[in-house]
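Inspection log for the structure reproduced underneath, given as structure tokens.
The values are calculated or read from the model by the stated rules, or taken from the named source; none is laboratory data. Please read all numbers here as calculations on a predicted model, not as lab measurements. All Cβ positions, even for glycine, are placed from backbone atoms using ideal geometry, and neighbour counts span all protein chains on display.
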Amino acid sequence: MITISVKAGHVHKQRDDAIVLPLMDGRKLTDSGKALQQATGKAIPSFLRKQDLTGSFGKSRTLYNVAGIFTQRVMLLGTGDTKKLTLHKLRVLAAKAARKLDASGAREVSLFLPELSVRGASVADKVQAVAEGVWLGLYRFDKYQHHSGEAIHRLQSVAIMIASRRDLDDSRTALARARAIAAGTNFARDLANEPGNICTPEYLGDQAAALSHPQLNVTVMDKQAIEQAGLNALLAVNQGSAKEPRFIVLDYKGGSKADAPVALVGKGLTFDAGGISLKPGPQMEEMKFDMCGAAAVLGVFKAVTALSLPVNLLGVIPSTENLLGASAYKPGDIITGYKKDISIEVQNTDAEGRIILSDALSYAAAQQPAEIIDFATLTGACVIALGAHASGLMGSGEKLKQALKISGEFTYDRVWELPMHEEYQEQIKSDIADIRNIGGREAGTITAACFLSRFVGDIPWAHLDIAGTAWNMKGTDISAKGATGAGVRLLLDYLIRKQH
Ligand code: BES
Ligand code: ZN
Ligand code: ZN
């Protein structure tokens, strides 16, 4: 990731390749814009008059070689209606500016974005949003593409400019937070964007084991250890795959010894072909992303350890492929996993996420955490219900869900709750076992959560169905095409707020 710093300084003294100034609705300039105008005479007013630049959101124009200043380029970046500015809009503006400057050949730039006012936000909040926007917006996954000879100009450093030295300390703390959160998110994106032949269960285990912090302990169980532990539901899904499964346990003790940890569980299907209940061909390649829950958990651990947050965290990741080899589990099979008193009838081998999560959730619950949060690309039905703009939220922990909603709005890593009325549980009744792994066409996201709920016990629990948010083949305002890192910003904000 490129270097970002926070500075308090004057616009006309900047010596970088470019400065970025907000242009508000009605073609109004902010304080720095006005100061620049004073230092440079007619250039900016005449430019504004000539150009069809209205200050609409995200649209920009660049002036070159303005007399009276040392900066090569001045980018005027439209903010749209300033009354409607939010921290996320700041994040998006920063991402757009960074991508444009990166392509333009500028190497060192200054962003005068935090001087925009956003209701309820401190200068530090704005610095954090801008820094996240730059780091997340510049992310790309192009390691498998050969670039033939074209000169690559790349942005190298960004200064986020603030008006007053008084805010420097808080802003630098916020910048460090943004760095960790962006690195965690980009780590999750990297893991998920890797194809299934590289990102295998073994690879996920290695990546987890490579996380390093004095308070972090990572255990990666191989197939033998998984058999010994009795994680038989994971083993059942793994039967059709030639690759060994892994069960990854991360134990971070940043908080006080007496505190029960927050448990994070992530679905780690490194490829989901559906198994014997084979998926249709179109877009099946996207099922390499079926480990985005696992990636989110690892991204959170990366950020939490980078910040040495004073919390106790337990991470649990079951990982396998879902394929259809000769020993694959079959529709009609009955399995009993880690939780011995619930038998599961498999009616569709493509509803495998809930099966491996049943082991992970009951394993996590057995460690007696204070609460459990799981992340899973669990149901296509969630993509239909909520699309790409919010993760499905379900579960039993009312306070926990409420806090996640607040963090979702603040970070724009949004969630939307679906109900879990007990009548839905009837849909997963089985005629031959205790429960079956599908609940019919209706309310597929909810019945999947009902299935999970049986393995959690009475620990406060939140389930995040990230099937629609975890990757985006069109890209988003702050994410390139592919994995988005959904869940990482959400959880970091949740964990940081918990401390206060
Ligand atoms: N990984 C899929 C869910 C999924 C589908 C995520 C499309 C994102 C996009 C999951 O394992 C699955 O296949 N679920 C089935 C469940 C069904 C058989 C009850 C589904 O959603 O179709
Ligand atoms: Zn599936
Ligand atoms: Zn799946």
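For the reader, a short list of remarks on this structure follows.
Conditions (1) in a loop (DSSP other than H, G, I, E, B); (2) surrounded by 24 or more Cβ atoms within 10 Å (Cβ to Cβ); (3) basic (Lys, Arg), marked per residue:
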| site | (1), (2), (3) |
| --- | --- |
| Lys83 | no, no, yes |
| Lys96 | no, no, yes |
| Val109 | no, yes, no |
| Leu113 | yes, yes, no |
| Arg119 | yes, no, yes |
| Asp125 | no, no, no |
| Gln128 | no, yes, no |
| Arg140 | yes, no, yes |
| His147 | yes, no, no |
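- Gly315 within 12 Å of ligand 1 (Cβ to nearest atom), of a type outside the set (Phe, Trp, Tyr), under 29 Å from Pro460 (Cβ atoms) and in contact (Cβ under 8 Å) with a residue 40 or more places away in the chain: no
- The C-beta contact set for the stretch 33-58 (first residue under 24 Å from Lys96 (Cα atoms) and touching a residue at least 24 places away in the same chain (Cβ under 8 Å), second residue part of a helix (DSSP H, G or I) and small (Gly, Ala, Ser), distance under 8 angstrom, 6+ apart or interchain) comprises Ile44/Gly33; Gly55/Gly26.
- Number of the condition not met by Gly149 [criteria: (1) at pLDDT 95 or above; (2) on the phi > 0 side of the Ramachandran plot]: (1)
Table: residues versus (1) over 13 Å from Phe451 (Cβ atoms); (2) modelled with pLDDT under 95; (3) away from ligand 2 (no atom under 16 Å from the Cβ); (4) basic (Lys, Arg).
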| site | (1), (2), (3), (4) |
| --- | --- |
| Pro331 | yes, no, no, no |
| Ile334 | yes, no, yes, no |
| Lys340 | yes, no, yes, yes |
| Ile344 | no, no, no, no |
| Gly353 | no, no, no, no |
| Ile356 | no, no, no, no |
| Tyr363 | yes, no, yes, no |
| Gln368 | yes, no, yes, no |
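- In a residue-by-residue description of the stretch 44-56, the property of being crowded, with 16+ Cβ neighbours inside 10 Å and on the phi > 0 side of the Ramachandran plot applies to at least one position.
- Boolean, Ser171 is hydroxyl-bearing (Ser, Thr, Tyr), over 21 Å from the mean Cα position of the chain (by Cα) and either outside the structural domain of Gly337 (by TED's automatic domain parsing) or within 27 Å of Val488 (Cβ to Cβ) (or both): yes
- Just so you know, in the stretch 266-291 the residues that are closer than 15 Å to Tyr203 by Cβ and not in a strand (DSSP E or B) include one that is nearest to ligand 3 (Cβ to nearest atom), and it is Asp290.
- A single entry from Ala258, Ala263, Ala296 fulfils the requirement of being more than 10 Å from ligand 3 (Cβ to nearest atom) and either on the phi > 0 side of the Ramachandran plot or in a helix (DSSP H, G or I) (or both): Ala296.
- Hits in the stretch 466-479 (condition: away from ligand 1 (no atom under 12 Å from the Cβ) and in contact with a helix residue (DSSP H, G or I) (Cβ under 8 Å, 6 or more places away or on another chain)): Asp477, Ile478, Ser479
For (1) touching a residue at least 24 places away in the same chain (Cβ under 8 Å); (2) out of contact with any Ser or Thr (no Cβ under 8 Å at 6 or more places or on another chain), each residue gets a yes or a no:
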residue	(1), (2)
Ala98	yes, yes
Ser104	yes, no
Val109	yes, no
Ala129	yes, yes
Leu136	yes, no
Asp142	no, yes
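- Among the residues making up the stretch 239-284, those that are surrounded by 24 or more Cβ atoms within 10 Å (Cβ to Cβ) and within 16 Å of ligand 1 (Cβ to nearest atom) are Pro245, Val265, Gly266, Lys267, Gly268, Leu269, Thr270, Asp272, Gly275.
- When the stretch 243-255 is filtered for residues that are touching a Pro at 6+ places or on another chain (Cβ under 9 Å) and either outside any loop (DSSP other than H, G, I, E, B) or not assigned by TED's automatic domain parsing to the domain that holds Tyr203 (or both), the ones remaining, listed by number, are Arg246, Phe247, Ile248, Asp251, Tyr252, Lys253.
Condition check ((1) among the small types (Gly, Ala, Ser); (2) assigned to a strand (DSSP E or B); (3) surrounded by fewer than 19 Cβ atoms within 10 Å (Cβ to Cβ); (4) within 16 Å of ligand 3 (Cβ to nearest atom)) across all residues:
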site	(1), (2), (3), (4)
Thr305	no, no, no, no
Pro310	no, no, yes, no
Gly315	yes, yes, no, no
Gly325	yes, no, yes, no
Gly332	yes, no, yes, no
Tyr338	no, no, no, no
Thr349	no, no, no, yes
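- Residue match in the stretch 42-57 (condition: of a type outside the set (Ser, Thr, Tyr) and either at pLDDT 95 or above or within 15 Å of Leu113 (Cα to Cα) (or both)): yes
- When Asp413 is tested against (1) of a type outside the set (Gly, Ala, Ser); (2) more than 16 Å from ligand 1 (Cβ to nearest atom); (3) more than 25 Å from Thr86 (Cβ to Cβ); (4) within 17 Å of the chain's Cα centre (by Cα), only condition (3) is not met.
- Taken over the stretch 356-395, the criterion of being crowded, with 24+ Cβ neighbours inside 10 Å, within 12 Å of ligand 1 (Cβ to nearest atom) and among the aliphatic types (A, V, I, L, M) is satisfied by Ile356, Leu357, Ala376, Leu378.
- Qualifying residue in the stretch 465-474 (condition: away from ligand 3 (no atom under 16 Å from the Cβ), at pLDDT 95 or above and either at positive phi or not in a strand (DSSP E or B) (or both)): yes
- Residue in the stretch 360-382 that is in a strand (DSSP E or B), away from ligand 3 (no atom under 16 Å from the Cβ) and of a type in the set (Gly, Ala, Ser) present: no
- If you go through the stretch 164-184 and keep only what is in contact (Cβ under 8 Å) with a residue 24 or more places away in the chain and of a type in the set (Asp, Glu), you end up with Asp167, Asp170.
- Criterion violated by Ala103 - all others in (1) outside any loop (DSSP other than H, G, I, E, B); (2) over 30 Å from Phe289 (Cα atoms) satisfied: (2)
- All of Arg436, Arg441, Arg414 fail the test of being within 22 Å of Gly275 (Cα to Cα) and surrounded by 19 or more Cβ atoms within 10 Å (Cβ to Cβ), apart from Arg436.
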